[in-house]
1. Calculate, in whole percent, how much of the Cα-Cα pair population of region B:1-112 lies beyond 23 Å.
2. If you take the accessible area of A alone plus B alone and subtract the pair, what total do you get in square angstrom, rounded to 100, with a 1.4 Å probe?
3. On average over all directions, what projected area in square nanometres does region B:123-178 have, based on the convex hull of its Cα atoms?
4. Taking only the Cα atoms of the protein assembly as shown, how large is their convex hull per residue, in Å³?
5. Could you report the protein assembly as shown's accessible area per residue, 1.4 Å probe, as an integer in Å²?
6. Along its three principal axes, how long is region B:148-207 when you only count alpha carbons? Whole Å, largest extent first please.
7. In the protein assembly as shown, what % of DSSP beta bridges are antiparallel (nearest 5)?
8. In nm, to one decimal, how far is the B:Glu92 label point from the B:Asp67 one, both placed 7 Å along Cα→Cβ?
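The values are calculated or read from the model by the stated rules, or taken from the named source; none is laboratory data. Computed from a predicted model, the values in this text were never measured in an experiment. Cβ sites come from the backbone with ideal geometry, for glycine too, and all protein chains shown count toward neighbours. Keep in mind that these areas ignore ligands, DNA and RNA; they rest on the heavy atoms of the full protein, side chains included. Shrake-Rupley method; radii C 1.70, N 1.55, O 1.52, S 1.80 Å.
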Amino acid sequence: MGILIGRDTKLITIGFTGKQGTFHSLQSRDYGTNFVGGVTPGKGGTVHEGFPVFNTVREAMNKTDANAAMIFVPPPFAADSILECIAEEMPLIVCITEGIPIADMIRVRPILQKSKSRLIGPNCPGLITPGESKIGIMPGHIHMPGKVGVVSRSGTLTYEAVYQLTQREIGQSSCVGIGGDPLAGTDFIDVLKLFEADPQTEAVVMIGEIGGSAETDAARWIQKNMTKPVVSFIAGATAPKGKRMGHAGAIISGGEDTAEAKFAVLEKCGITIARSPAEIGQKMEEVLKARSKH
Amino acid sequence: MNIHEFQAKELMRKFGITTLNGGVTTTVNGAVEVAKKLGGKVWVVKAQIHAGGRGKAGGVKLAKSLDEVLEHAKNILGKTLITHQTGPEGKEVKTLLIEEGCGIEHEYYVGLVMDRSKGKITFMASAEGGVEIEKVAAATPEKIIKVSIDPAVGYSPYVGRKLAFGIGLKGDLVKKAEKFFENLYKLYIACDCTIAEINPLVTTTDGNVLALDAKLNFDDNALFKHPEIEAYRDSNEESKLEMEAHEFGLSYIALDGNIGCLVNGAGLAMATMDIIKLHGGTPANFLDVGGGATKEAVEKAFSIILTDPKVKAILVNIFGGIMKCDVIADGIIAAAKSLGVKVPLVVRLEGTNVALGKKMLKDSGYEIIAANDLGDAAKKVVEAAKSKI
């Protein structure tokens, strides 16, 4: 159960034979993900760490029945890998690569929108359905299966939130890192829709950042459409204007994109706010307790 | 990445965008020489710094004689300009652009940015130019015309016509503006810009459309394709520490508080700064060591944080995923050994190899304040910084 990935997920890695690709593919396998092979052009037909390597995504899909791909290709070539996966109708594409030019993603976006694929990322930690399947670079052991969905633009801050939940024995249905770039394949609303429809998920943690309007758009959507409670934290209240805070998307450029403005909109839309990043777990505990009383 | 106005205009001329004739200098005498060479009776002396709002801060002056050029150059060169974009410390003017004057008929605004919600590059134009466009957008959004470009189709002349008619141009000026917009779009795409802003775009008394000012911003992720733009980088305009950090794969931004931060991941780094503030402290910096930092990078991160004399305490907050806690511990110990960390050091480790990392720190013999969780870490570091003042 959970969303997007589970026991029937069959994973291949694009850029499998590289250092990062190898390490995280094996980590995912060790977590229990059904990892079936990889793609590295030119190395097709070889075996790497006991798994078959293919030259093309098509070949890998034909031979392994893979239904998910994790991309570990360097930034100049990552958009091409995404396009190849889309062309072969790979159902789920998870792009971990950080540093893809914005222009590349502007080109990918309309093709993705008309396609049968879903893209998570780029510049993301990936996603996990605890106890079932992990696609990405997050430490698996901090998660525990349960009923809270987590969606976030950040990597390590998501681990922090998950850790706080697990410490309180609040398990997670799925945790999805949508990435820190200005253009993401999947946004908050896409993931919230899936959590709303998922019978296992009872509440959601949404972790945002300064920059853009993804969080405020999501807040307005939640107010109109979501029956499950949402707890939210926005990082960057202390960030100065005009400075890119690590993530390409985390830059205040004016208007509603400061942490303060986002908190205000979220609160107005009935979302429970954690002003401190150390309070995310506690706020969720309170929300779940209040809910069980009804 | 940011570049100067004179560099932006040089680039724009290559794309057929009309600007005024001008020349650059770093000396007062040079300013007069440039003005003489340009000829005419009116010149504009413009400070070249990477920030808007220069006019209001006294960095742009009209000169009606060569004596006035000399006088303005003397006043502006070496001056520290403080504008709404420089921060309170301001920026010292080291370069001047001297431009010929022109008869301005009307000032407009045109900008190209990516609309994140649409995922499309979008033109914004307004007949209200020469002022802060954010204010126009807030007070009278109907005065801004927006046209988004479909990435599959690219620019088509109707886009330029819609903008030109929309801001009220007539006759020949429409055609000239249309060409201007087309060329600006070409430049934006060819150079991987993230912002191309002309404020003001002017129509002149002799019937021309030209860029009086220019601001171009480039996608850092695409700079590998553009060595010619990388060459425009002005090290005077960039923080030395930020550039040093960059070479080690660290993302560092100096702030004005007294608690140094060393964190892995951009989101967690921002959250760490936020929680310091919530506990009554102020962060001295943003520092993300990234996912794959080595012992050397961690050591470098410490040396950068310690360069700031304001730092009274340091908080290390690591949630190991790819980043292993023992690597961080190794780097902390190496830094303590080589740099002699003389301010209180609060360390919070969690995640991959956490037990090993904690043991290494404990066994190192250095005075390190261990924190159990994020809240505890913030509390301890704020207290430590206060006790040092």
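1. That tail contains 27 percent of the Cα-Cα pairs.
2. Numbers: alone 12590 and 18690 Å², together 27640 Å².
Buried area between the two chains comes out at roughly 3600 Å².
3. Values: hull surface 16.7 nm².
Mean projected area of the Cα convex hull: 4.2 nm².
4. Looking at the protein assembly as shown, the number lands at 160 Å³ per residue.
5. Working: 27640 Å² over 683 residues.
With the other protein chains kept in place, the protein assembly as shown gives 40 Å² per residue.
6. Cα extents, longest axis first: 35, 21, 14 Å.
7. Numbers: 57 of 110 bridges.
So the antiparallel bridges in the protein assembly as shown amount to around 50 percent.
8. 3.1
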